[in-house]
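A.B. asks: Handing you this structure, nothing more for now.
Please treat every number below as a calculation from the coordinates, not as lab data. Please read these numbers as outputs of a predicted model, since none were measured by experiment. Cβ coordinates were reconstructed from backbone atoms using ideal geometry, including for glycine residues, and neighbour counts include every protein chain displayed.
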């Protein structure tokens, strides 16, 4: 059963659905790109990890959140310790991972293009946003092509340059290395189909066209959403005004 929406499904922007959609969309897009890319390119899944000190709430979490292994006991029943002249305590750290795709030259370590889906944590003030912005700046500074997809209506938008793009529900931001600092921005609404977007490669190879709507439809079909989402209730992240009325009418005709 397909999503009742023509494009992005606003019910999937929040937990527990977003994490599953994020992972499935990356998998579907990876397969789509593999069929589109010239043989001189390969597409890989990857993950980067932020390490930072947890807040007080996180410290009260499960003990195994911060313990990775149990100490080994020596034969006499004691605990083996390092014979150091002094010891210190490192701050406890929490790992935050974010999956993304990278397009590389075949049999080379050279990364040509990065494709990122923004997560809610990327759009909230704090270490996750700071870490992502640092990584984003690194991509741009090293002249790596960047495709950034934002399917969240809430949160603080990433910098997209001037003039400011029009207000929209969702955005695709694409920076081609040879055009930097000029970038392309695709704004669209909850009523629109997801756009076909150009994924840039090396200058001599131009780009391949990625059909985002086709990928979303495939991800929706693979997920549990048709049975798990209660479309008779408003989405957790509410719509407003004319969009709310449009969604109510759309769903009333289907459920």
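A.B. asks: When N counts the residues of the stretch 144-255, how does its alpha-carbon radius of gyration compare numerically with 2.2 N^0.38 Å, as a ratio? Provide the component values of the computation, followed by the final result.
C.D. replies: Numbers: Rg = 16.8 Å, N = 112, 2.2 N^0.38 = 13.2 Å.
After normalising by residue count via 2.2 N^0.38 Å, the value is 1.27.
A.B. asks: Report the gain in length on full extension from residue 137 to residue 179: 0.36 nm times residue separation, minus Cα-Cα distance, nm rounded to one decimal. List each step's numbers first, then the result.
C.D. replies: Details: separation 42, 0.36 × 42 = 15.12 nm, distance 1.54 nm.
Result: 13.6 nm gained on full extension.
A.B. asks: Once you have the Cα-Cα distance between residue 46 and residue 168, take 0.36 nm times their residue separation minus that, and quote the gain in nm to one decimal. It would help to have the intermediate numbers written out before the result.
C.D. replies: Working: separation 122, 0.36 × 122 = 43.92 nm, distance 2.91 nm.
Full extension of this stretch gives 41.0 nm more.
A.B. asks: Further question on the same structure: Where a ≥ b ≥ c are the square roots of the eigenvalues of the C-alpha gyration tensor, would you call the stretch 147-187 rounded, which needs a/c under 1.5, or, failing that, prolate if a/b is larger than b/c, or oblate? Mind showing how you got there, number by number?
C.D. replies: Details: a/c = 2.28, a/b = 1.72, b/c = 1.33.
Prolate, because a/c is 1.5 or more and a/b exceeds b/c.
A.B. asks: Then there is this: Return the distance in nm (one decimal) between the two label points of a simple spin-label model at residue 34 and residue 86, each offset 7 Å from Cα along Cα→Cβ.
C.D. replies: It is 5.4 nm.
A.B. asks: Separate question: Pull up the DSSP beta bridges for the stretch 115-188 and report the antiparallel fraction as a percent, rounded to 5. Could the numbers behind the result be given before it?
C.D. replies: Numbers: 10 of 13 bridges.
For the stretch 115-188, the DSSP antiparallel bridge percentage is about 75.
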